[in-house]
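Colleague: Have a look at this one.
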Amino acid sequence: VRRVSSWTLDLDRLFDSVTAKTKLLLIVTPSNPTGWVMKPHEIKAVLEFARARGIWIIADEVYSRIVFDGGRSASFLDYALPDDRLFVVNSFSKAWAMTGWRLGWLVGPADSENSVRDLALYDNMGPPTYAQYGGIAALRHGEPFIQEQVSLWKSNLDLVMDRFNSNGRIKMQRPEATFYAFFSVDGEPDCMSLVKRIIDDGNLSLAPGCAFGKCCAGWIRMCFAVSEQKIVESLDRLEKVVRPQ
């Protein structure tokens with residue numbers, strides 16, 4: 001994902017990067033940290049491209065339920081064929097706030113089941129029983145919780161956007177999904193140096209964009225999946241360092 005006038009996935013650049021040695025494409029949608037969401041026509045294009053070349057796709061869709069226009073984001077599973085070389089990864093960590101439970105699921109070709117099971121057995125032996133029962137409860141009864149959380153996060157996002165717009169120095173495109181504000185600050189090209197100053201002078205910990213790759217250098221990530229009170233306090237602390245114009 002890169003930013004031109006907005007965050008986007010340059011499909012031509014992606015496809016041009018593929019060589020005879022390419023075995024797999026990893027796609028994260030919705031995107032952490034940008035909040036970008038892949039559109040159906042882009043998903044179809046990637047599927048067709050990979051299908052024609054026998055390339056595997058791993059689609060990380062763990063933020064698929066945290067979208068601000070309602071429902072969920074488009075999934076590779078919406079457009080895949082039964083024999084596509086595709087794995088789709090999802091998790092209870094984000095939408096159901098079960099981060100420490102380390103519980104999720106994987107959808108893939110039926111003939112991969114034994115290999116995936118063997119890998120999981122050697123890697124983690126499987127999730128504990130209580131976590132599995134928690135996942136069942138989330139699927140059966142957790143829809144109101146998701147709606148409540150997304151409503152809170154959307155309200156928090158509105159608050160963040162208002163404060164950033166009034167600041168004058170902070171620039172951010174409104175994310176389509178996730179619970180992250182990904183922003184830059186005029187006159188502050190070194191995101192690592194800035195986040196260190198924000199810790200020292202504002203007692204606020206944020207993630208430097210350079211941790212997510214070269215395309216995100218100069219940007220900073222702030223999580224707004226907290227109470228409104230904490231968001232207001234965090235913004236106040238941020239503006240101790242990034243003073244409004």
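Colleague: Just one of (1) under 25 Å from Arg140 (Cβ atoms); (2) touching a strand residue (DSSP E or B) at 6+ places or on another chain (Cβ under 7 Å); (3) not basic (Lys, Arg) trips up Gly100, so point out which.
Modeller: It is condition (2) that Gly100 fails.
Colleague: Determine if region 104-126 includes at least one residue that is among the β-branched types (Val, Ile, Thr), within 29 Å of Ser227 (Cα to Cα) and either at pLDDT 95 or above or in contact with a Lys or Arg (Cβ under 6 Å, 6 or more places away or on another chain) (or both).
Modeller: First pass over region 104-126, keeping only residues among the β-branched types (Val, Ile, Thr): 107, 116.
When the remaining residues are screened for being within 29 Å of Ser227 (Cα to Cα), the result is none.
Among the residues of region 104-126, not one is among the β-branched types (Val, Ile, Thr), within 29 Å of Ser227 (Cα to Cα) and either at pLDDT 95 or above or in contact with a Lys or Arg (Cβ under 6 Å, 6 or more places away or on another chain) (or both), which makes the answer no.
Colleague: Working carefully through the options Trp96, Trp7, find the one that is touching a Phe, Trp or Tyr at 6+ places or on another chain (Cβ under 6 Å) and either aromatic (Phe, Trp, Tyr) or assigned by TED's automatic domain parsing to the domain that holds Glu176 (or both).
Modeller: Exactly one of Trp96, Trp7 is touching a Phe, Trp or Tyr at 6+ places or on another chain (Cβ under 6 Å) and either aromatic (Phe, Trp, Tyr) or assigned by TED's automatic domain parsing to the domain that holds Glu176 (or both), namely Trp7.
Colleague: Name the residue that is nearest to Ile146 (Cα to Cα), counting only residues in region 29-77 that are part of a helix (DSSP H, G or I) and out of contact with any helix residue (DSSP H, G or I) (no Cβ under 8 Å at 6 or more places or on another chain). Break it down into steps so the answer makes sense when it comes.
Modeller: Start the filter on region 29-77 by keeping residues that are part of a helix (DSSP H, G or I), which leaves 40-53, 76-77.
Adding the requirement that they be out of contact with any helix residue (DSSP H, G or I) (no Cβ under 8 Å at 6 or more places or on another chain) leaves 41, 44, 48, 50-53, 77.
Working: His41: 27, Lys44: 28, Glu48: 33, Ala50: 33, Arg51: 34, Ala52: 37, Arg53: 38, Leu77: 21 Å.
My answer is Leu77.
Colleague: Only one of Arg169, Arg163 is buried (at least 17 other Cβ atoms within 10 Å of the Cβ), of a type in the set (D, E, K, R) and farther than 18 Å from Pro30 by Cβ; which? Don't jump to the end; show me each part of the working.
Modeller: Working: Arg169 fails: buried (at least 17 other Cβ atoms within 10 Å of the Cβ).
Result: Arg163 is the single residue among Arg169, Arg163 that is buried (at least 17 other Cβ atoms within 10 Å of the Cβ), of a type in the set (D, E, K, R) and farther than 18 Å from Pro30 by Cβ.
Colleague: Can you tell me which residues in region 143-197 are in contact (Cβ under 8 Å) with a residue 60 or more places away in the chain and among the hydroxyl-bearing types (Ser, Thr, Tyr)?
Modeller: Selection gives Ser155, Ser166, Thr178, Tyr180.
The values are calculated or read from the model by the stated rules, or taken from the named source; none is laboratory data. Just so we're clear, the structure is a prediction, and the values are computed from it rather than from any experiment. With ideal geometry, Cβ positions are generated from the backbone for all residues, glycine too; neighbour counts draw on all protein chains shown.
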